[in-house]
Amino acid sequence: MDIDAQRLTRRYGALAALDGLSLEVERVKVLALIGPSGGGKSTLLRVLGGLEGADEGEVSINGTVLSADERQLLAWRRRNGFLFQQFNLFPHLTARRNITLPLEKVHGRTAAEAERVADESLERFGLTAHGHKLPAQLSGGQQQRVGLARAIASGPEILILDEPTSALDPEMTAEVLELIGELAAGGQDIILSTHEMGFARAVAGHVAFIAAGKVAEHGPSGELFAAPKEEMTRRFLSKVMRFA
Amino acid sequence: MARRSERAPLGLDLLLGLVLAAMVCALFWWVFSNLDTAWGWSRAWDFRQSLWRGWLVTLELSAGALAGSCVVAGLLVAGQRTRYRSLRWFSRAFVELVRGMPLLTLVLIGYYVVFAQSQVAGLLDRFGVGSKLWTGAALLSVFTGAYLSEILRGGLESIPQGQIDSARAVGFDRFQVFRWVVMPQALRRVLPALAGQFVSLVKDSSLLSVIGVQEFTAQARAFNSATYGGIEAFLPLAAGYLLLTLPLAGVAHAMERHFRYQM
Ligand SMILES: Nc1ncnc2c1ncn2[C@@H]1O[C@H](COP(=O)(O)OP(=O)(O)OP(=O)(O)O)[C@@H](O)[C@H]1O
Ligand SMILES: [Mg+2]
């Protein structure tokens, strides 16, 4: 995928969560956003995914220019899949219905088609036995796997993941990361934010370090992790990798 | 719902049930044995037709106001959630004014200041909705609608932003977010409060006799003053209202079970 973001600004009151952020990457399969908490990773993902518009600046992805027009953003959201840190699933619907409902209502599939797709993706993620359960009856890891199954069920152009494992314990983290790794290996375009540096290094082809609402530095993950150019990046990496 | 392991021991439970039943029976026996009047059920029987008519009027009033209050509540909720500040303030003020007034005051003012005006009455008559029954149902709809709107608004606002984000993220448009994600969860949360409000509505309809609607309570009072029969008028009255309110509560409980899910 190609991303061209120019001088993006997104303000919350007086605070600029994105502060003139620019990022140009081409032909990247998996892009990881790393950086300190509050740096603007989630905000950038929300803008890239069309959940909200930027106050200033321009962004185009794979040639599609994202405007501030809600109708256009809706059309863009429908082309992509999302997974957030938590509270992804609709608690009043079973795991299976969580997957079939958007397929029917958003993507115009018939009920039978939607069920077939849902059952396939549940099986693929080892969740066949859990399809009839409500989210509250699933473990955190199972919930995120259902969330992932729902996000990819419509065949998204880009899969956007915002710290998909940070609410999980290490074992559940591993099972979710493994699935994301498989999707990446299968050729799915992914943009994700993560605090799992080992995972970012292993799976992402490209990494952007984001702090204070700007891209401090970005590059192929091998280079960025091996030889960070910026002092800020070096300090961040040495801090978070100390125990890795 | 109590889990099995949390259930009380069966023997104690039965004993407690028996004691409670005995207490209720004793109370009734005491009350009725102290009534010195002789039963006069034949008088009640003579009045059965006007009581029946009154009950039907109450049923019609309640059904009409139930539907009407939902419409009023829907408008007030929409009014309080729109982008237009003027409309929000208007709706807010409307809700607070109506909730701040006793129903009796609202009914009297509504009737004598608005509906009984000759132009208004004439206009309503032209559309065939000029009767006191329609007026009463409209006033009751406004009153209950204000309360319902607050219950609904509270329910809608209790749905976390994360749910709305998720719903937008799967590609739902504004209406779909509401229809498939916000509303079902909000409805489940407010169902008990809604049911309570509907039960209140049925009982509140008895106040409409002050503008001359010949509903159930009015008929029972007329019967009472015509025959000096006290309890024979009020027992059918109690039974008649319960006949309306208990099924309402039953439907609400059935709906709660239908919409049940663990949060
Ligand atoms: N809805 C909001 N309202 C107000 N401020 C917000 C909102 N969303 C984000 N912010 C602020 O914007 C800044 C960037 O937040 P963001 O969530 O993008 O950071 P992040 O890099 O994702 O952090 P983390 O790693 O902790 O998830 C933070 O200072 C945050 O407090
Ligand atoms: Mg974040």
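Only the coordinates and a few stated rules stand behind these numbers; no lab work does. Since we're looking at a predicted model, the values are computed, not measured. All Cβ positions, even for glycine, are placed from backbone atoms using ideal geometry, and neighbour counts span all protein chains on display.
Size descriptors for region A:158-244, from the alpha-carbon set: Rg then Dmax equal 13.1, 35 Å. Peptide B:184-191 has a mean of 1 when you count, residue by residue, the C-beta atoms of other protein chains within 10 Å of its C-beta. Given axes a ≥ b ≥ c from the Cα gyration tensor, I'd like to know whether region A:11-69 is rounded (a/c under 1.5), prolate (a/b larger than b/c) or oblate. The shape class here is oblate. Hydrodynamic estimate: the Kirkwood radius of region B:14-165 over Cα pairs, inserted into Stokes-Einstein at 37 °C and 0.692 mPa s, corresponds to D of 167 µm²/s. Report Rg/Rh for chain B, rounded to two decimals, where Rg is the Cα radius of gyration and Rh the Kirkwood radius. Result: Rg/Rh = 1.06.
Working value for region A:89-155: equivalent-ellipsoid semi-axes of 18, 12, 10 Å, each the square root of 5 times a Cα gyration tensor eigenvalue, largest first. For A:Lys229, the lysines whose Cα falls under 24 Å of its own Cα, not counting residues fewer than eight places away in the same chain, are A:Lys29, A:Lys41, A:Lys214, A:Lys239. Among A:187-193, A:18-24, sorting by the average number of other beta carbon atoms lying within 10 angstrom of each residue, highest first, gives A:187-193, A:18-24. Shielding value for A:69-79 is 2, the average number of Cβ atoms from other chains within 10 Å of each residue's Cβ. Relative to one another, the C-alpha centroids of region A:116-151 and region B:155-202 are positioned 24 Å apart. One Cα centroid belongs to region A:154-186, the other to region B:113-136; the line between them spans 65 Å. Calculated [222 nm] ellipticity per residue, helices only, for chain B: -25000 deg cm²/dmol; basis is -39500 (n - 2.57) per DSSP H run with n ≥ 4, divided by all residues, nearest 500. Computed on the Cα atoms alone, the convex hull of region A:52-170 gives a volume of 125 cubic angstrom per residue. Once you have a ≥ b ≥ c as the square roots of the Cα gyration tensor eigenvalues for the protein assembly as shown, tell me rounded if a/c is under 1.5, and otherwise prolate or oblate according to whether a/b is larger than b/c. Prolate, since a/c reaches 1.5 and a/b exceeds b/c. Based on the Stokes-Einstein relation at 10 °C and a viscosity of 1.306 mPa s, and on the Kirkwood radius from alpha carbon pairs, chain A is assigned a translational diffusion coefficient of 86 µm²/s. Highest-first packing order for the peptide set B:212-222, B:107-117, B:48-58, B:7-17 is B:212-222, B:48-58, B:107-117, B:7-17, based on the mean count of other beta carbon atoms within 10 Å.
Remark: mean inter-chain Cβ contacts per residue of B:173-181 equal 3, using a 10 Å Cβ-Cβ cutoff to other protein chain atoms.
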